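So the structure is just underneath, and the comments pick up after that.
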Amino acid sequence: MVLISPNTWGQDDMANITAGEYRPLYLSLDSPLVTVSSFRLDKKPVTNREFQHFVAKNSKWQRGAVPGLFAENSYLNYWVKSPTSNQHEPNSTDLEKPVIF
């Protein structure tokens, strides 16, 4: 999962991926190449703390609110419902771990 936030990440935190033809990792070795435009990618995974902050500002990405087109059933399934905000959030022990699912 990649979030781009120019307010919190500097130039050194992003890798430049050059345009070209790439073979998707999830396909077989003989799968066709895919043309990709250049883009920037975070060098480190987004943490649960960072994604929780993003979701708090963008409630349409809250677990249960995201359209199926953008998320699988397992999306944030390890987050728990907060008794105070009625929204899902990561366990405190998972805050610095990468977001998964």
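The residue of the stretch 78-90 that is most open to solvent (accessible area, probe 1.4 Å), among those that are closer than 17 Å to Arg49 by Cα and out of contact with any Pro (no Cβ under 9 Å at 6 or more places or on another chain), is Lys81.
Consider Leu69 carefully, then state whether it is outside any loop (DSSP other than H, G, I, E, B), at pLDDT below 95 and closer than 28 Å to Ala19 by Cβ.
On the way: outside any loop (DSSP other than H, G, I, E, B): no; at pLDDT below 95: yes; closer than 28 Å to Ala19 by Cβ: yes.
No; evaluated as a whole, the condition is false for this residue.
Within the set of pairs 6 or more residues apart or between chains, which connect a residue that is farther than 18 Å from Tyr75 by Cβ and open to solvent by less than 70 Å² (accessible area, probe 1.4 Å) inside the stretch 34-61 to a residue that is acidic (Asp, Glu) and modelled with pLDDT of 95 or more with Cβ atoms less than 6 Å apart? Listed by first residue and then by second, the contacts come to nothing, as the list is empty. Candidates in the stretch 32-51 are the residues that are more than 21 Å from Ala15 (Cα to Cα) and modelled with pLDDT under 95; of these, the one that is farthest from the chain's Cα centre (by Cα) is Pro32.
Look at (1) within 26 Å of Asp13 (Cα to Cα); (2) open to solvent by less than 80 Å² (accessible area, probe 1.4 Å); (3) free of Cβ contacts under 8 Å to residues at least 40 places away in the same chain and you find that Thr93 fails only one, number (2).
The set of residues in the stretch 62-72 that are in contact with a strand residue (DSSP E or B) (Cβ under 7 Å, 6 or more places away or on another chain) and without any contact (Cβ under 8 Å) to a residue 24 or more places away in the chain is empty.
State yes or no: is Ala65 more than 27 Å from Leu95 (Cβ to Cβ) and open to solvent by less than 100 Å² (accessible area, probe 1.4 Å)?
On the way: more than 27 Å from Leu95 (Cβ to Cβ): no; open to solvent by less than 100 Å² (accessible area, probe 1.4 Å): yes.
When the stated conditions are applied, Ala65 does not pass them.
Summed over the stretch 1-31, the residues that are modelled with pLDDT of 90 or more, of a type in the set (S, T, N, Q) and in a loop (DSSP other than H, G, I, E, B) give a count of 1. In the condition set (1) touching a residue at least 12 places away in the same chain (Cβ under 8 Å); (2) in a loop (DSSP other than H, G, I, E, B); (3) open to solvent by 70 Å² or more (accessible area, probe 1.4 Å), Tyr75 is compliant with all but (3).
The values are calculated or read from the model by the stated rules, or taken from the named source; none is laboratory data. Not measured: the values here are computed from a predicted model. As a convention, Cβ positions derive from the backbone with ideal geometry for all residues, glycine included, and neighbour counts pool all protein chains shown. These accessible areas exclude ligands, DNA and RNA; they are computed on the full protein's heavy atoms, side chains included. Shrake-Rupley method; radii C 1.70, N 1.55, O 1.52, S 1.80 Å.
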